[in-house]
Amino acid sequence: MEQEMRTLVLLKPDAVQRGLVGEIVYRFEKKGMKIAAMKMLRMTKGSAEEFYSVHEGKPFYNGLVDYITSGPIVGLCLEGENVISIVRTMMGKTNPAEAEKGTIRADYGIDIGKNTVHGSDSIENAEKELSIVFDEADFV
Ligand code: DAT
Ligand code: MG
């Protein structure tokens, strides 16, 4: 039996700025995932550096931190069977130009940086990322 799990999704600044929040949340809801927590926030530089610490030292790291802190984002904690891999499939490849047709990044992504959504890639990273974005009180 598949285990019920949770993941963190971020609707990045380009999604919020272009008014795509409803459309993207709708896709996850329609897929049957449960929203366990959801909020709009603006990441601090410190949180962003911790959030993206696995990418520290890579050439795009500074731009990544600058981008995710550049405007409001929406964080979602989604729950469901196999939710981590299903969300990753729904997002598509990192580079929207290479993302499979019908994926969120293919449909809305602007470029490899402004690629509209983040989704955790493992149980371990999901727990780490959820703790950066959400407090206990955010789970209603
Ligand atoms: P993903 O978001 O698909 O998990 P990742 O973890 O490899 O991709 O990278 C995190 C983010 O960093 C990604 O969403 C966008 C940015 N990024 C990755 N590779 C990049 C590159 N070559 N140039 C610019 N930004 C990049
Ligand atoms: Mg990643």
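Of the residues making up region 106-140, those that are open to solvent by less than 60 Å² (accessible area, probe 1.4 Å), touching a strand residue (DSSP E or B) at 6+ places or on another chain (Cβ under 7 Å), within 15 Å of ligand 2 (Cβ to nearest atom) and in a helix (DSSP H, G or I) are Ala126, Glu129, Leu130, Val133.
Checking Glu100, Glu49 one by one, the residue that is away from ligand 1 (no atom under 12 Å from the Cβ) and under 17 Å from Pro13 (Cα atoms) is Glu49 and no other. In region 29-50, the residues that are over 10 Å from Val65 (Cα atoms) reach residues that are aromatic (Phe, Trp, Tyr) and loosely packed, with under 13 Cβ neighbours inside 10 Å with C-beta atoms within less than 7 angstrom, at least six apart or across chains, in these pairs: Ala36/Phe139; Ala37/Phe139.
Tallying residues that are assigned to a loop (DSSP other than H, G, I, E, B) and either in contact with a helix residue (DSSP H, G or I) (Cβ under 6 Å, 6 or more places away or on another chain) or open to solvent by 80 Å² or more (accessible area, probe 1.4 Å) (or both) within region 91-102 yields 8.
Screening Val9 against (1) touching a Phe, Trp or Tyr at 6+ places or on another chain (Cβ under 9 Å); (2) away from ligand 1 (no atom under 16 Å from the Cβ) leaves a single unmet condition, (2). Restricted to region 45-76, and to residues there that are among the hydrophobic types (A, V, I, L, M, F, W, C) and touching a Leu at 6+ places or on another chain (Cβ under 6 Å), the residue that is farthest from ligand 2 (Cβ to nearest atom) is Val74. Against the numbered list (1) away from ligand 2 (no atom under 12 Å from the Cβ); (2) within 27 Å of Lys45 (Cβ to Cβ); (3) touching a helix residue (DSSP H, G or I) at 6+ places or on another chain (Cβ under 9 Å), Val87 comes up short only at (1).
For beta carbons closer than 7 Å, sequence separation of 6+ or different chains, a first residue in region 84-102 that is touching a residue at least 12 places away in the same chain (Cβ under 8 Å) and of a type in the set (Lys, Arg) and a second that is assigned to a loop (DSSP other than H, G, I, E, B) and open to solvent by less than 40 Å² (accessible area, probe 1.4 Å), the qualifying pairs are Lys93/Ala99.
The values are calculated or read from the model by the stated rules, or taken from the named source; none is laboratory data. Only a predicted model underlies this, so the values are computations on that prediction, with no experimental measurement involved. Every residue, glycine as well, gets a Cβ built from its backbone with ideal geometry; the counts of neighbours run over all protein chains shown. Side chains are part of the model used for accessible areas, which takes the heavy atoms of the whole protein and leaves out ligands, DNA and RNA. Shrake-Rupley method; radii C 1.70, N 1.55, O 1.52, S 1.80 Å.
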